[in-house]
1. Read through the list (1) part of a helix (DSSP H, G or I); (2) more than 16 Å from Ala19 (Cβ to Cβ), then give the number of the only condition that Val78 fails.
2. Starting from the range 83-111, keep only residues that are without any contact (Cβ under 8 Å) to a residue 60 or more places away in the chain and within 15 Å of Leu62 (Cβ to Cβ), then list their pairs with residues that are in a loop (DSSP other than H, G, I, E, B) and hydroxyl-bearing (Ser, Thr, Tyr) whose Cβ atoms are within a distance under 8 Å, requiring at least 6 positions of separation or different chains.
3. Condition (residue is charged (D, E, K, R), surrounded by 13 or more Cβ atoms within 10 Å (Cβ to Cβ) and under 12 Å from the mean Cα position of the chain (by Cα)) applied to the range 56-74: is it met by at least one residue?
4. Would you mind stating whether Glu64 is at pLDDT below 95, of a type in the set (D, E, K, R) and in a helix (DSSP H, G or I)?
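The values are calculated or read from the model by the stated rules, or taken from the named source; none is laboratory data. Predicted model, so just to flag it, every value in this text is computed and none were measured. Cβ sites come from the backbone with ideal geometry, for glycine too, and all protein chains shown count toward neighbours.
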Amino acid sequence: MSERQDPAAGQRLAQGERAARLMDLLGLDDEELCQVLAVDPLTLLSGQLEHRTELPVLLALLGEAAERAGPAVLRRWVRARGPSGRPLDALLARDFAAFEDAVEQLGSDGFVLRGGR
């Protein structure tokens, strides 16, 4: 059955691509991505992430930062200690409000990592 015949297959592919994009932007490993999305590795590998509504929201939140700073800066930033700790720790704790605050702080810093962060 092709993706045209099976709309769910197309949806799984789209969500899988979104998950790969998030991994690439932030330099997450498989285990970290599974924890952020609260899924097991098999679910991640199969692309059955339709129920993970936070995935498109996180990508939208990171959109401007990705354009202005680029993935290399985001990969360093997510693991750097900021005023409220490491953004990665907020993500892993699924504290998306704290992660959003960290993204906003990065934007207010001009999408530049400051010394000591």
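1. (2)
2. As it stands, the answer is Ala90/Ser84; Ala98/Ser84; Asp101/Ser84; Ala102/Ser84; Gln105/Ser84, since those pairs meet every condition given.
3. To start, the set of residues in the range 56-74 that are charged (D, E, K, R) comprises 64, 67-68.
Now narrow it down to the ones that are surrounded by 13 or more Cβ atoms within 10 Å (Cβ to Cβ): 64, 68.
Still in the list and also under 12 Å from the mean Cα position of the chain (by Cα): none.
Within the range 56-74, none of the residues are charged (D, E, K, R), surrounded by 13 or more Cβ atoms within 10 Å (Cβ to Cβ) and under 12 Å from the mean Cα position of the chain (by Cα).
4. Working: at pLDDT below 95: yes; of a type in the set (D, E, K, R): yes; in a helix (DSSP H, G or I): yes.
In short, yes.
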